[in-house]
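Written below as structure tokens is the structure these notes are about.
The values are calculated or read from the model by the stated rules, or taken from the named source; none is laboratory data. What you are looking at is a predicted structure, and each value in this text was computed from that prediction instead of being measured. Every residue, glycine among them, receives a Cβ derived from its backbone with ideal geometry; neighbour counts consider all protein chains shown.
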Amino acid sequence: MRIASVEVVPYALPFREPYVTARGRLEQREMVLLRLRDDEGLMGIGEAVPLSLRGGTALVGVVEELKALEARDSLEEATLRSTAVTLSPPARCAALTALLDLRGRRASAEHGNTPPGPPQPVRCNATLVADEPSAVAADALRWAEDGFSTFKLKLGVGDDVGQVRAVRDAVGAEPRIRVDVNGVWDLETAKERLAALEPFDIELAEQPVTTLEEAAVLAESTSISIAADESVESRADAERAVAINACELAGLKLSKVGGPEEAIEIAEVIPSYLSSALDGPVGIAAAAQVAQTLSEASSGGPGLAHGLATDRLFASTIATVECELKGGMLYPPEGPGLGVEIDEDALQAHRL
């Protein structure tokens with residue numbers, strides 16, 4: 001596809017409360033908005049979320065990678081997914097998402113193509129920031145009052161078992177509880193903690209240890225389903241995880257795996273759910289579309305909620321039209337492409 005211009009805008013959204021996990025503490029989330037325009041002036045938007053807390057490319061590096069696309073007269077998905085273009089996964093995700101959005105908007109403009117009906121909503125889990133057990137339980141009740149029935153706790157910081165116990169006591173026996181450790185437990189600690197958590201009916205433990213090999217050993221010692229996150233970043237990783245029985249599930253972040261198609265390829269190998277890398281409105285809309293694709297293909301786990309309700313954690317947005325949360329369900333916008341519309345004043349206010 002011929003590209004007339006490339007615009008790269010780094011920006012940051014502040015959290016309502018500090019976001020605390022085993023990987024660190026964030027006051028704001030830094031992101032990069034990418035806008036591709038074609039010869040007819042139509043624009044597609046993508047978003048990159050640098051994963052520097054996980055050792056990935058920092059914001060400045062992602063910006064440089066995306067600005068380098070200006071030297072190309074055209075961009076194609078196959079080229080971006082090949083070794084012909086050197087891009088970190090977040091930058092590749094932004095470029096592929098922008099092309100996806102642009103193609104959808106072009107199809108609508110040229111042929112009047114409209115979706116056959118409103119996009120199907122996506123069920124989401126609540127994301128609870130690590131804190132004292134009583135504070136986490138109070139947070140869970142606020143999400144529950146808004147219709148959420150799956151709760152994800154960020155462990156590896158403070159009283160892990162106490163946080164889970166407090167949330168289970170607060171929300172009752174029926175809601176699902178999943179835990180995310182971001183790989184900070186060693187193998188022996190993971191065995192001990194999961195054994196202590198088994199009485200609380202845990203849906204899954206996401207990345208409790210660092211490697212797939214450790215996860216394979218851990219899976220033999222617990223009845224809790226193990227889900228990969230950081231350790232599965234490609235289809236090849238997923239195939240290896242399945243081959244050694246390391247995990248039953250994978251949580252997929254588009255900026256981690258490098259874009260929508262990469263996520264779908266992983267889900268073809270292992271049951272998967274979408275998770276936010278604390279994305280902005282563009283990344284959430286793209287992930288919602290992938291979640292719908294997985295649901296239609298029945299490749300996700302049975303009844304699994306997706307971790308895409310994280311816009312509740314932000315104090316502001318850069319969009320006038322974006323996904324909407326209602327009753328624990330995420331409703332994608334109905335416009336062409338991703339359907340997201342940017343608020344230019346808000347974008348400038350949050351620009352870095």
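In the range 21-28, is there at least one residue being among the charged types (D, E, K, R) and either at pLDDT 95 or above or under 18 Å from residue 280 (Cβ atoms) (or both)?
Within the range 21-28, the first condition is being among the charged types (D, E, K, R), and the residues that meet it are 23, 25, 27.
Filter again for either at pLDDT 95 or above or under 18 Å from residue 280 (Cβ atoms) (or both), leaving 27.
Yes, the range 21-28 has at least one match.
Could you tell me whether the range 210-220 includes any residue that is assigned to a loop (DSSP other than H, G, I, E, B), in contact with a Leu (Cβ under 8 Å, 6 or more places away or on another chain) and buried (at least 22 other Cβ atoms within 10 Å of the Cβ)? If you could, list the steps in order and put the result at the bottom.
Looking only at the range 210-220, we keep the residues that are assigned to a loop (DSSP other than H, G, I, E, B), and these are 210-211, 220.
After this cut, where a residue has to be in contact with a Leu (Cβ under 8 Å, 6 or more places away or on another chain) as well, the list is none.
The answer is no, given that none of the residues of the range 210-220 is assigned to a loop (DSSP other than H, G, I, E, B), in contact with a Leu (Cβ under 8 Å, 6 or more places away or on another chain) and buried (at least 22 other Cβ atoms within 10 Å of the Cβ).
Quick one: which strands (runs of 3 or more DSSP E) lie wholly within the range 131-206 and hold at least 3 residues that are closer than 19 Å to residue 219 by Cα?
The strands (runs of 3 or more DSSP E) meeting that bar are 176-180, 202-206.
Quick check on the range 158-181. Is at least one of its residues within 27 Å of residue 88 (Cβ to Cβ), in contact with a helix residue (DSSP H, G or I) (Cβ under 8 Å, 6 or more places away or on another chain) and not charged (D, E, K, R)? Steps first, please.
Restricting attention to the range 158-181, the residues satisfying the condition of being within 27 Å of residue 88 (Cβ to Cβ) are 180-181.
Keeping just the survivors that are in contact with a helix residue (DSSP H, G or I) (Cβ under 8 Å, 6 or more places away or on another chain) gives 181.
Now restrict to residues that are not charged (D, E, K, R): 181.
Scanning the range 158-181, I find at least one residue that is within 27 Å of residue 88 (Cβ to Cβ), in contact with a helix residue (DSSP H, G or I) (Cβ under 8 Å, 6 or more places away or on another chain) and not charged (D, E, K, R), so the answer is yes.
I'd like the full set of residues that are touching a residue at least 40 places away in the same chain (Cβ under 8 Å), in a helix (DSSP H, G or I) and aliphatic (A, V, I, L, M), limited to the range 232-264.
Correct list: 254, 257.
Cβ-Cβ below 6 Å, separation at least six or inter-chain, first residue in the range 43-63 and free of Cβ contacts under 8 Å to residues at least 40 places away in the same chain and more than 19 Å from residue 281 (Cβ to Cβ), second surrounded by fewer than 24 Cβ atoms within 10 Å (Cβ to Cβ) and among the basic types (Lys, Arg): which pairs?
Correct list of pairs: 53/23.
Among the candidates 26, 66, which residue alone is outside the structural domain of residue 126 (by TED's automatic domain parsing) and within 30 Å of residue 131 (Cα to Cα)?
Working: 66 fails: within 30 Å of residue 131 (Cα to Cα).
Selected residue: 26, the only one of 26, 66 that is outside the structural domain of residue 126 (by TED's automatic domain parsing) and within 30 Å of residue 131 (Cα to Cα).
Let me spell it out: the conditions are (1) crowded, with 24+ Cβ neighbours inside 10 Å; (2) at pLDDT below 95, and residue 275 meets all of them except one. Which number is the exception?
Tallying (1) crowded, with 24+ Cβ neighbours inside 10 Å; (2) at pLDDT below 95, residue 275 fails exactly one: (2).
Have a look at 334, 341, 296, 322 and point out the one that is closer than 20 Å to residue 100 by Cα, surrounded by fewer than 16 Cβ atoms within 10 Å (Cβ to Cβ) and modelled with pLDDT of 95 or more. I'd like the intermediate steps shown before the answer.
On the way: 334 fails: modelled with pLDDT of 95 or more; 296 fails: modelled with pLDDT of 95 or more; 322 fails: surrounded by fewer than 16 Cβ atoms within 10 Å (Cβ to Cβ).
Being closer than 20 Å to residue 100 by Cα, surrounded by fewer than 16 Cβ atoms within 10 Å (Cβ to Cβ) and modelled with pLDDT of 95 or more holds for just one of 334, 341, 296, 322, which is 341.
Going by what's in this entry, would residue 11 be described as over 27 Å from residue 206 (Cα atoms) and either crowded, with 20+ Cβ neighbours inside 10 Å or touching a His at 6+ places or on another chain (Cβ under 8 Å) (or both)? Before you say what the answer is, go through the steps one by one.
Details: over 27 Å from residue 206 (Cα atoms): yes; either crowded, with 20+ Cβ neighbours inside 10 Å or touching a His at 6+ places or on another chain (Cβ under 8 Å) (or both): yes.
Yes, satisfied.
Only one of (1) surrounded by 19 or more Cβ atoms within 10 Å (Cβ to Cβ); (2) at pLDDT 95 or above; (3) outside the structural domain of residue 52 (by TED's automatic domain parsing); (4) β-branched (Val, Ile, Thr) is not met by residue 129, so which one is it?
The number of the failed condition is (2).
Any idea which of 330, 274 is farther than 22 Å from residue 50 by Cβ and either within 16 Å of the chain's Cα centre (by Cα) or assigned by TED's automatic domain parsing to the domain that holds residue 56 (or both)?
On the way: 274 fails: farther than 22 Å from residue 50 by Cβ.
It is 330.
Restricted to the range 187-202, and to residues that are under 22 Å from residue 20 (Cβ atoms) and in contact (Cβ under 8 Å) with a residue 24 or more places away in the chain, which residue is surrounded by the fewest Cβ atoms within 10 Å (Cβ to Cβ)?
So the residue we want is 196.
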